[in-house]
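The values are calculated or read from the model by the stated rules, or taken from the named source; none is laboratory data. Quantities reported herein were computed from a predicted structural model and do not represent experimental measurements. Here the Cβ positions follow ideal geometry from the backbone for every residue, glycine too, while neighbour counts run over all protein chains shown.
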Amino acid sequence: MQPVPKRDYYTYSDYCTWDDDERWELIDGTPYAMSPAPSRRHQELLGRLFVQLHNYLRDKTCKVYLAPFDVRLNADTYDDTVVQPDIVVVCDESKLDDKGCVGAPDAAIEILSPSTSSHDKVLKFNKYLQAGVREYWIVDPDSKSVSVNVLNNGRYIAYAYAAEDSAPVHVLEDCTINLQELFDN
């Protein structure tokens with residue numbers, strides 16, 4: 001994923017004027033073109049993970065959303081960062097508007113693709129940490145593993161899980177994700 005700047009700096013107001021047929025993320029005022037449609041494997045993992053979270057959250061106040069879903073990480077300041085995680089969990093209804101999430105969601109999940117791997121592991125990791133996203137999951141389809149990063153005193157504590165594990169969702173009491181079911185071919 002490469003930045004595609006046409007000028008030095010953009011804000012959410014600019015972002016809202018861009019063509020809806022193209023997907024973009026905006027990080028610190030720099031636009032990044034989103035990759036073409038993800039792979040079939042990526043979509044299968046996305047669907048399985050969403051279903052597990054959705055089923056757990058049925059009749060609860062927290063909500064789960066799939067990309068494309070705008071998350072304005074710093075809407076209260078520069079409003080120059082809009083990301084579209086694969087999945088987000090939002091427990092504070094006041095952060096939701098018709099376009100997405102205004103502020104940090106409780107959890108963000110990214111499923112790695114070859115073209116977005118470093119973007120998700122470095123740039124977005126740091127933006128989620130800076131914004132105060134309480135839990136950030138990085139799902140790696142190739143290694144069939146999940147890195148769960150839990151915010152603690154301004155830093156992420158990382159937990160690693162393999163395909164045969166169940167991974168707790170720390171921001172959702174008693175919620176665990178069956179990774180064998182997730183990665184099952």
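Of the strands (runs of 3 or more DSSP E) lying entirely inside the range 108-185, those containing at least 1 residues that are without any contact (Cβ under 8 Å) to a residue 40 or more places away in the chain and among the aromatic types (Phe, Trp, Tyr) are 135-140, 155-162. Go through the range 132-185 and report how many residues are basic (Lys, Arg) and surrounded by 19 or more Cβ atoms within 10 Å (Cβ to Cβ). Of the residues in the range 132-185, 1 are basic (Lys, Arg) and surrounded by 19 or more Cβ atoms within 10 Å (Cβ to Cβ). Scan the range 88-107 for residues that are surrounded by fewer than 22 Cβ atoms within 10 Å (Cβ to Cβ), touching a helix residue (DSSP H, G or I) at 6+ places or on another chain (Cβ under 7 Å) and part of a loop (DSSP other than H, G, I, E, B) and the total you get is 1. Here the condition is being modelled with pLDDT under 95, out of contact with any His (no Cβ under 9 Å at 6 or more places or on another chain), buried (at least 17 other Cβ atoms within 10 Å of the Cβ) and within 23 Å of residue 112 (Cα to Cα); of 68, 38, 85, it holds for 38 alone. Just so you know, in the range 3-21 the residues that are touching a strand residue (DSSP E or B) at 6+ places or on another chain (Cβ under 7 Å) and assigned to a loop (DSSP other than H, G, I, E, B) include one that is modelled with the highest pLDDT, and it is 10. For the range 49-61, a residue qualifies if it is crowded, with 17+ Cβ neighbours inside 10 Å and in contact with a helix residue (DSSP H, G or I) (Cβ under 9 Å, 6 or more places away or on another chain), and the qualifying residues are 49, 52.
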